[in-house]
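Single-structure report; data block below.
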Amino acid sequence: MKKYSFLTNKYVLSAIVLIGCLIADVILHKGMSRVIIPSAFTEKRQPQNFNTCNAKLINHSKHWLRAVGTVEAMQQLPAETNGFEWDVYFDNAENNFKIYDSLAVSGLAADTLLSIYAGRNLAASIWFNVKNLNASNSIAALTDLLQLRRRYALFNKIIVASDAPEYLNAYCDSGFFTGYNVPYFNPYKIQEDTLVHYIDIMAENLKRYPVNALSGSYFQYPVLKKYFPNFPILTWTDNSNISLINRVFNTHLKNEEQIKIVLYPFQ
């Protein structure tokens, strides 16, 4: 028998091709692969429970849509959509929320998109990812959001998320479901002491400023789950039907009890 003659067997060749595709899939989606495989992370910190905001959110499914921030997207949004997300920026000059589009203020008022929402009789909940909540605008922003909630019947249908949890207390007190956008870090690419530093920052904020949930990228959720087990997690990821790893990962997120919402691209 000639050397390497086994390569002429179509079943062997098929198996080699499949294995090669799987290896390539794992490499291309290594972030998801890491999350699927459990990691112990650091033992220098232990899980902690903190008080939470008690506001409610109408939410019938984990599957939400990300960046639905244009007139066209709102017009095309499926009627049965459970929830969707906007990046928003509070305009101090005009005292209203503007949509953030492609990392820039679009000039499009949230009120404009909500008029489309109301005109189509949509019932989805909305995630307001506020990019610039601060001491100078937090009260004015709350006033505008209260008006929007009343005008468009959005009670228990709004998430207010910010990386500045110190300004979310008033929103919690006003009945808004609040999310703390945790600092950006990749726990699989940093040293242990750096991870401990981030855990301490989050813990200090959560101790002082109760929120409803934690918001972070999909590769951060295992850390949030381990060290802050009493907080629901809001996250986001891609959705590729041609990737086995992606499909396995999304099934993993769907079955993860602590995850409350997963944002997927709106296509």
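Checking the cross-link pairs 98/207; 189/226; 157/260; 225/260 against a 23 Å limit on the alpha carbon distance flags 98/207 as lying beyond it. Amide H to amide H, with H built 1.01 Å from N, residue 259 comes under 5 Å of 233, counting only residues 5 or more places away or on other chains. When restricted to Cα atoms, segment 67-213 yields an Rg and a Dmax of 16.3, 52 Å, respectively. Straight-line cross-link partners of residue 254 among the aspartates and glutamates, defined as a Cα under 16 Å from its Cα and at least 8 positions apart when in the same chain: 238. Less than 5 angstrom separates the built amide H of residue 215 from those of 180, 181, 182, 234, all sequence-distant by 5 or more or on a different chain. Size of segment 168-220: Rg and Dmax of its alpha carbons, in Å, are 12.7, 40. Within segment 158-263, the GluC sites (Glu not before Pro) that combine a DSSP coil assignment with at most 13 other C-beta atoms in a 10 angstrom radius are 257. Determine the shape class of segment 88-130: with a ≥ b ≥ c the square roots of the Cα gyration tensor eigenvalues, call it rounded for a/c under 1.5, and otherwise prolate if a/b is greater than b/c, oblate otherwise. Because a/c hits 1.5 or more and a/b exceeds b/c, segment 88-130 counts as prolate.
The slack in the chain from residue 49 to residue 255, taken as 0.36 nm per residue of separation less the alpha-carbon distance, amounts to 71.9 nm.
Only Lys, Arg, Asp and Glu carry charge here, each on its Cβ (+1 for the first two, -1 for the last two); on that basis segment 59-210 has a dipole of about 460 debye about its Cα centre. For segment 156-267, the Kirkwood hydrodynamic radius from C-alpha pairs, put into Stokes-Einstein at 25 °C and a viscosity of 0.890 mPa s, yields a diffusion coefficient of 164 µm² per second.
We did not get these values from a lab; they are worked out from the coordinates using the rules stated. Not measured: the values here are computed from a predicted model. Every residue, glycine as well, gets a Cβ built from its backbone with ideal geometry; the counts of neighbours run over all protein chains shown.
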